Each structure stands twice: as structure tokens, then as C-alpha cells.
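Worksheet for the structure shown next.
The values are calculated or read from the model by the stated rules, or taken from the named source; none is laboratory data. On a predicted model such as this, the values are computed, not experimentally measured, just so you know. Positions of Cβ are generated from backbone atoms using ideal geometry, with glycine treated the same way; all protein chains shown enter the neighbour counts. Areas reflect the complete protein model, heavy atoms only, side chains present, ligands, DNA and RNA absent. Shrake-Rupley method; radii C 1.70, N 1.55, O 1.52, S 1.80 Å.
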Amino acid sequence: MVVFGNPYGDVNVIPKLVAMGGDLTMKGEEGWTCLHWAAYHNNVAAIEVLLESFGSEKVLVLLTEKDKKDHTPYEVAKEAGQKEFCSWVRTTMM
């Protein structure tokens with residue numbers, strides 16, 4: 001989850017996690033998936049690499065996952081004022 005929350009992190013590790021069978025749908029204590037973290041930190045690069053590595057169907061599922069407060073990653077980004085992430089989701093995934 002750390003790589004998704006760090007806009008300066010090495011997103012090249014994401015394909016390696018996917019190839020190793022990493023569970024990118026896992027949720028933390030707050031119910032956040034990796035895309036909730038990426039959304040909160042405005043990490044568009046992480047979602048783009050995840051899309052290339054994981055496929056659009058699985059990314060769409062992650063984008064609809066809700067946390068314990070009933071928020072999707074898009075809603076988390078919007079609440080945090082992460083305009084770049086919100087714009088990317090609206091233009092790419094909707």
C-alpha cells in the first residue's frame with residue numbers, strides 16, 4: 001500500500017507485485033484499498049501503472065470499493081482536494 005500512497009515512490013514495483021500474485025484488493029483497517037491510498041495522495045502514476053498491469057476490469061472494481069466510511073477512492077480524492085486524481089478518473093474511467 002505504501003507505494004500507492006507515495007507520489008514519489010517507485011511505481012515500477014507495482015507490475016512486480018502483480019506478477020508475484022500480490023493481493024492488491026486487500027483492505028487496511030480503515031477499509032482502504034491501494035487506490036484509496038493513491039487517491040488520497042493524488043498518485044495518478046500509480047493508478048496508470050496498475051491499469052497497465054492489472055487490467056481495466058480489476059481497476060474498475062477497485063474504484064468502486066468503499067471504505068468503512070462508505071467512500072470510494074474517487075470520493076476520498078475529492079474530499080482531500082486531489083483535483084488531478086479526480087480529473088484522471090473522470091476522463092479515463094467514466
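What the table shows:
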read-out: For Tyr8: the one exception among (1) in contact with a helix residue (DSSP H, G or I) (Cβ under 9 Å, 6 or more places away or on another chain); (2) at pLDDT below 95; value: (1)
read-out: Only listed residue being hydrophobic (A, V, I, L, M, F, W, C), buried (at least 20 other Cβ atoms within 10 Å of the Cβ), assigned to a loop (DSSP other than H, G, I, E, B) and at pLDDT 90 or above, chosen from Trp32, Trp37; value: Trp32
read-out: Condition met for Ala45 (surrounded by 14 or more Cβ atoms within 10 Å (Cβ to Cβ) and touching a Phe, Trp or Tyr at 6+ places or on another chain (Cβ under 7 Å)); value: no
read-out: Residue list for the stretch 35-94, restricted to those being of a type in the set (A, V, I, L, M, F, W, C), more than 17 Å from Asp23 (Cα to Cα) and in contact with a Leu (Cβ under 8 Å, 6 or more places away or on another chain); value: Val89, Met93
read-out: Of all residues in the stretch 25-47 being charged (D, E, K, R) and without any contact (Cβ under 8 Å) to a residue 40 or more places away in the chain, the one that is nearest to Trp88 (Cα to Cα); value: Glu30
read-out: The stretch 69-94, residues that are hydroxyl-bearing (Ser, Thr, Tyr) and either over 18 Å from Glu29 (Cα atoms) or open to solvent by 50 Å² or more (accessible area, probe 1.4 Å) (or both); value: Tyr74, Ser87, Thr91, Thr92
